[in-house]
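What follows is a single structure, written as structure tokens, with notes after it.
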Amino acid sequence: MKKIKYVLLVLGAYACNIPANETGLITEKAMVVSAHPLASQVGSAILKQGGNAIDAAIATQFALAVVYPVAGNIGGGGFMVIRMSDGSVNTLDFREKAPMSSSETMYLDSANNVIENLSTRGHLASGVPGSVEGMVKAYENFGTISWVELIQPAIDLALNGFPLTEREANGLNSNQKNFSTYNTLAPDFLIRDWKAGDTIRWIDLGHTLERIRDNGRAGFYEGETAALIVEEMQRGNGIMTLEDLKNYDAQWRTPIIGSYEGLKVISMSPPSSGGIALMQLLKSVEGRELGDHNSTQALHLMTEAERRVYADRATHLGDADYYNVPVEELLDSAYNMGRMSDFSTTAKTHSDSLAAGVFALAESEQTTHFSIVDPFGNAVSVTTTLNGGYGSKVVVAGAGFLMNNEMDDFSIKPGFPNYYGLVGGRANAIEPGKRMLSSMTPTILEKDNQLFMVVGTPGGSTIITSVFQTILNVLEHDMTMQQAVSAGRVHHQWKPDKIFYQEGAISKDDSLSLVKLGHELQQRGPYGKVDAILVLPDGKLEGGADPRGDDAAVGY
Ligand code: DON
């Protein structure tokens, strides 16, 4: 739990009140909502130049790698969900992979105990990055304007510099010690007392981006950049090799598609748990009376659904290339209704008395999200991450970017809680080349065969429940997109058996009623930064940019 608090602190202070009648930016044609105003501007400018949503996503991703280093990245990975205006859907997995010489016990000492911080900080914490290959694959299939045009804005931001926001200045300042401790060659350009408005330049990163601009995939996974990554790893006793980098592959996956109250829900398949878990949650509450927003009735029902779904997640979900994930069984409506058959309106279920569902087949803070709609009606939902804030804290010397600490998303020991308190077992055990299980839930909703919503968020284990709540806020509680994003959030993840809530999210009376039902409640700092777009009945777009961060909607 200490770890969860740490992640939440990184997100800064924010009290969760929903201003009445609050609407986000409304535009006629196109919009980008991301974690940083400069990145949203870059994406929107690409759309104005005639690029499509995928072009804009690539430009936004590279811009975030510069202006939002806490999570934006080229040293991490993520997922992209695409819905084209003709209704076709594609999902791209550019999640990191375990290096080939990784092993199930690599974070354990000789007594089988977890070695503190080894999977979260420093050189051993990184999986092989997927973001650059992801952008290249997305471009090869869907890009319409020149690759150079998509990367140049990020290069300009890196080389010319840009003003830090207060949050980013604070984030860098509070990591000074980490940057010195976990780097073999201290990144002096980062270790300073930053103030809001100071100009920061990422010169080495700018040159790395130039190599990616000029050589595409090879500009990162081969040649100078790859050599710099491997030299960095060797200096810090990491295990990533040139082979690992060269062999990295992003994959087009079969999307998770389901329905809720007649709407089509399109989301990410394993190695993310997000799409499956979101669908399970929606199926578990569909047709039941929710009651008012964040009322006892709503929160009790949602908590009981979350408890069951996260128990399934811990047992059944992992990289489907390595583990037989029972996807169809988990998505089955009858299965999810069955899981809720012992739901009681008068008492909670105890997590210790609840295990994952059993199937005949069973054996066989920091992330960032952006949502884009282009003037042609195409939509892209991307969540990408370094995992923790500034990832492993390791800056690749000479290449100027931060590496992820995604290896901690594996179950590094059965039952041992990861950074987000999530537990897992064999399905998500470390194996060479395997992708670690994710909670990222980039999602697109369709209503009457038309684009309806683009949504997603960071927040580790809370991602799934934040997306779940945002969707319900719009569909069941008639909120605007912005209200749905701003609304106070509540979260349960099976273990620990507690309802976590943001300040102001639950009234005193409802808290007391929930305690009477047997629930334990714990207040947390703010979490999640949902960035979403809603298509309004008149076809205009409404952005929801999370006020918990510097997030911004830009469009026209
Ligand atoms: O893939 C995952 O589920 C995590 N690595 C996401 C981390 C995250 O959202 C951190 N943000 N606060």
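The values are calculated or read from the model by the stated rules, or taken from the named source; none is laboratory data. As the structure is a prediction and not an experimental result, all values here were calculated from the model. Note: ideal-geometry Cβ built from the backbone for every residue, glycine included; neighbour counts use all protein chains shown.
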Search result, residues across region 411-446 that are more than 16 Å from the ligand (Cβ to nearest atom) and under 16 Å from the mean Cα position of the chain (by Cα): 444
Which one of 74, 58, 46 is under 20 Å from the mean Cα position of the chain (by Cα) and more than 18 Å from residue 203 (Cα to Cα)? 58
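Report yes if residue 64 is within 15 Å of the ligand (Cβ to nearest atom), in a helix (DSSP H, G or I), aliphatic (A, V, I, L, M) and over 14 Å from residue 436 (Cβ atoms), otherwise no. Show your work before the answer.
Working: within 15 Å of the ligand (Cβ to nearest atom): yes; in a helix (DSSP H, G or I): yes; aliphatic (A, V, I, L, M): yes; over 14 Å from residue 436 (Cβ atoms): yes.
It is true that residue 64 is within 15 Å of the ligand (Cβ to nearest atom), in a helix (DSSP H, G or I), aliphatic (A, V, I, L, M) and over 14 Å from residue 436 (Cβ atoms).
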For a quick check of your reading: which helices (runs of 4 or more DSSP H) sit entirely within region 205-321 and have at least 3 residues that are of a type in the set (A, V, I, L, M)? 223-235, 274-285, 296-316
Please work out which residue is nearest to the chain's Cα centre (by Cα), limiting yourself to region 237-254 and to residues that are crowded, with 19+ Cβ neighbours inside 10 Å and not aliphatic (A, V, I, L, M). 253
All positions within region 45-63 that are closer than 20 Å to residue 213 by Cα and not hydrophobic (A, V, I, L, M, F, W, C): 49, 50, 51, 52, 55, 60, 61
Return the residues of region 447-467 that are within 15 Å of the ligand (Cβ to nearest atom) and within 15 Å of residue 485 (Cβ to Cβ); say none if nothing qualifies. 455, 456, 457, 458, 459, 462, 463, 465, 466, 467
Any idea which of (1) outside any loop (DSSP other than H, G, I, E, B); (2) more than 25 Å from the chain's Cα centre (by Cα) is the one residue 141 doesn't satisfy? (2)
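Among the listed residues 296, 315, which satisfies the condition of being within 25 Å of the chain's Cα centre (by Cα) and among the β-branched types (Val, Ile, Thr)?
Working: 296 fails: within 25 Å of the chain's Cα centre (by Cα).
Exactly one of 296, 315 is within 25 Å of the chain's Cα centre (by Cα) and among the β-branched types (Val, Ile, Thr), namely 315.
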Near pairs, Cβ below 9 angstrom, 6+ apart or cross-chain, from region 425-454 (more than 29 Å from residue 249 (Cα to Cα)) to any residue that is of a type in the set (Asp, Glu) and surrounded by fewer than 24 Cβ atoms within 10 Å (Cβ to Cβ): 452/446; 453/446
Name the residue, out of 392, 439, that is surrounded by 24 or more Cβ atoms within 10 Å (Cβ to Cβ), out of contact with any strand residue (DSSP E or B) (no Cβ under 6 Å at 6 or more places or on another chain) and within 27 Å of residue 89 (Cβ to Cβ). 439
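State yes or no: is residue 408 within 14 Å of the ligand (Cβ to nearest atom) and of a type in the set (D, E, K, R)? Give the steps one after another, and end with the answer.
Numbers: within 14 Å of the ligand (Cβ to nearest atom): yes; of a type in the set (D, E, K, R): yes.
For residue 408, the condition - within 14 Å of the ligand (Cβ to nearest atom) and of a type in the set (D, E, K, R) - is met.
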Among (1) within 16 Å of the ligand (Cβ to nearest atom); (2) touching a Leu at 6+ places or on another chain (Cβ under 9 Å); (3) at pLDDT 95 or above, there is one condition residue 365 misses while meeting the rest; what is its number? (3)
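Of the residues that make up region 330-346, is at least one within 16 Å of the ligand (Cβ to nearest atom), crowded, with 16+ Cβ neighbours inside 10 Å and either of a type in the set (Asp, Glu) or under 17 Å from residue 275 (Cα atoms) (or both)? Quick ask: steps written out before the conclusion?
Going residue by residue through region 330-346, those that are within 16 Å of the ligand (Cβ to nearest atom) are none.
There is no residue in region 330-346 that is within 16 Å of the ligand (Cβ to nearest atom), crowded, with 16+ Cβ neighbours inside 10 Å and either of a type in the set (Asp, Glu) or under 17 Å from residue 275 (Cα atoms) (or both).
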Quick one: would you say residue 504 is over 20 Å from residue 382 (Cα atoms), surrounded by fewer than 24 Cβ atoms within 10 Å (Cβ to Cβ) and away from the ligand (no atom under 16 Å from the Cβ)? yes
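The rows are residues; the columns are (1) closer than 21 Å to residue 330 by Cβ; (2) within 16 Å of the ligand (Cβ to nearest atom).
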{"residue": "226", "(1), (2)": "no, no"}
{"residue": "249", "(1), (2)": "no, no"}
{"residue": "255", "(1), (2)": "yes, no"}
{"residue": "261", "(1), (2)": "yes, no"}
{"residue": "268", "(1), (2)": "yes, yes"}
{"residue": "273", "(1), (2)": "yes, yes"}
What number goes with the only condition from (1) under 20 Å from the mean Cα position of the chain (by Cα); (2) closer than 30 Å to residue 373 by Cβ; (3) buried (at least 23 other Cβ atoms within 10 Å of the Cβ) that residue 488 does not pass? (3)
